[in-house]
Amino acid sequence: MEMKTTAAITGICGWVPPDILTNKDLEKMVDTSEEWIRTRTGIKERRILKGEGQGTSVIGVHAVKGILEKNKIDPSEIDLLICATITGDMTFPDTANLICNEVGIKNAFAFDINAACSGFLYALNVGAKFVESGTHKKVIVVGADKMSSIIDYTDRTTCIIFGDGGGAVLLEPKTDGTGIIDANLKSDGAGWKHLHMKAGGSRKPPSIETVQNREHFVYQEGKYVFKAAVKGMSSVIHELLQKQQLTIEDINWLIPHQANMRIIESVSNLLDFPMEKVMINIHKYGNTTAGTIPLCLWELAPDLNKGDKLILTAFGGGFTWGAIYLIWAIDS
Ligand code: UT7
């Protein structure tokens, strides 16, 4: 019997810029230490996208081109591209449009999703719906951020965490039981107070004062966000497993948003999820916001087998958070 149509990841590519910012480099910029950063966050280094005119679309273009080449797909075959980012090249148009233009995708509609660190999960679930419904056959979902463009490198509480990078996946229809099975996505707008950018939007447009007051950077109440992230991610995963009648033993890999190693360890502890089955690359890239999950998936992909059961999870600005359950579709 043929199963219902699902959206499966059939292609993946990540990209990070070559320039590295190490913990030692940060010691020279703010009052911190290599050891503090490593032990409090798990991060050793992060990438920085340098050069005039280089926006988040650069990351997306590298990742999308990588997929088109590897999967031998002509840009004209893509019929939807969604880009999750909070650091779009411009306020408008959307970075998705700019990526399509650069790679020659002309038959697609394209738009951005702004859900901060949960952006990739939000975009993946939206993209999956277009594939499941049968209206779109080849959908690309990008998660990318140039966090260095909105980070205050005089603020030691934020500048140590974030980095630049991202990735993309191709979604195609499958009827073999693989693909995105379920999603449990949430939001709570009351969380805005604890994680946001103060100026630059319509509420407080840019002015000389907003620049002088350093209001065009990430504002974060780290401790509050930390606790909310642990609670949020562990509860959505728990709900999703229950709904799908799965246990931790059934899951081959947990792929969490990489914001802080201690957040990941706390989630794994609360769920009794063994750390050997948790994907970690925070030490190399830090927190790339919408970029962390596609970067993890891309690095993990060679070790994955068709049929592997994966849980992706994230928490971030909004607040937004969630978890997605999928069955890996690529034969490696
Ligand atoms: O991406 C999604 C959203 N973001 C997150 O999920 C991030 C969540 N938050 C965090 O990862 C952590 O809260 C941080 C890494 C931001 C901060 O770590 P923490 O362990 O929560 O530190 P804290 O804010 O409780 O500060 C502890 C101490 C403070 O000093 P006092 O008041 O105890 O004297 C800070 O001033 O550590 C100090 N501190 C630092 N010291 C050296 C804060 N940042 C630094 C630093 N170097 N970079």
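The values are calculated or read from the model by the stated rules, or taken from the named source; none is laboratory data. Source: prediction; values computed, not measured. Don't worry about glycine lacking a Cβ; one is built from the backbone with ideal geometry, like all the others, and counts go over all protein chains shown. To get the accessible areas, we keep the full protein, side chains included, count just its heavy atoms, and leave off ligands, DNA and RNA. Shrake-Rupley method; radii C 1.70, N 1.55, O 1.52, S 1.80 Å.
Considering only residues that are open to solvent by 10 Å² or more (accessible area, probe 1.4 Å) and either over 21 Å from Ala329 (Cα atoms) or in a helix (DSSP H, G or I) (or both), which ones fall in segment 274-283? Of everything in segment 274-283, those that are open to solvent by 10 Å² or more (accessible area, probe 1.4 Å) and either over 21 Å from Ala329 (Cα atoms) or in a helix (DSSP H, G or I) (or both) turn out to be Pro274, Met275, Glu276, Lys277, Ile280, His283.
Within segment 249-273, can you find the residues that are of a type in the set (A, V, I, L, M), surrounded by 16 or more Cβ atoms within 10 Å (Cβ to Cβ) and part of a helix (DSSP H, G or I)? Listed by number, the residues that qualify are Met261, Ile263, Ile264, Val267, Leu271. Scanning segment 111-128 for residues that are surrounded by fewer than 22 Cβ atoms within 10 Å (Cβ to Cβ) and without any contact (Cβ under 8 Å) to a residue 40 or more places away in the chain gives Phe111, Asn114.
Can you tell me which residue among Asp182, Asp176 is within 23 Å of the chain's Cα centre (by Cα) and either within 30 Å of Thr5 (Cβ to Cβ) or in a helix (DSSP H, G or I) (or both)?
Values: Asp176 fails: within 23 Å of the chain's Cα centre (by Cα).
Asp182 is the lone residue from the list that is within 23 Å of the chain's Cα centre (by Cα) and either within 30 Å of Thr5 (Cβ to Cβ) or in a helix (DSSP H, G or I) (or both).
In segment 284-296, is there at least one residue being touching a Cys at 6+ places or on another chain (Cβ under 6 Å), part of a helix (DSSP H, G or I) and either crowded, with 18+ Cβ neighbours inside 10 Å or not assigned by TED's automatic domain parsing to the domain that holds Gly143 (or both)? Full working, then the answer.
Step one: filter segment 284-296 for residues touching a Cys at 6+ places or on another chain (Cβ under 6 Å), giving 289.
Subsequent filtering for residues that are part of a helix (DSSP H, G or I) retains 289.
Filter once more, so that each one left must be either crowded, with 18+ Cβ neighbours inside 10 Å or not assigned by TED's automatic domain parsing to the domain that holds Gly143 (or both): 289.
Yes, the conditions are met somewhere in segment 284-296.
The number of residues in segment 297-314 that are open to solvent by 20 Å² or more (accessible area, probe 1.4 Å) and either within 16 Å of the ligand (Cβ to nearest atom) or among the basic types (Lys, Arg) (or both) comes to 2.
Of everything in segment 9-34, what is open to solvent by 60 Å² or more (accessible area, probe 1.4 Å) and either modelled with pLDDT under 95 or assigned to a loop (DSSP other than H, G, I, E, B) (or both)? Give them in sequence order. Matches in segment 9-34: Pro18, Lys28, Met29, Asp31.
Among the criteria (1) farther than 26 Å from Ala323 by Cα; (2) open to solvent by 10 Å² or more (accessible area, probe 1.4 Å), the one Ile99 does not fulfil is (2). Pairing each residue of segment 68-89 that is under 23 Å from Leu121 (Cβ atoms) and part of a strand (DSSP E or B) with any residue that is open to solvent by 20 Å² or more (accessible area, probe 1.4 Å) and among the charged types (D, E, K, R), provided the two are 6+ apart or on different chains, yields C-beta distances under 6 Å for Cys83/Asp112.
Results for (1) away from the ligand (no atom under 13 Å from the Cβ); (2) in contact with a helix residue (DSSP H, G or I) (Cβ under 8 Å, 6 or more places away or on another chain); (3) within 30 Å of Gly307 (Cα to Cα), shown as yes or no for each residue.
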position: Met3; (1), (2), (3): yes, no, yes
position: Val30; (1), (2), (3): no, no, no
position: Arg38; (1), (2), (3): no, yes, no
position: Gly60; (1), (2), (3): yes, yes, yes
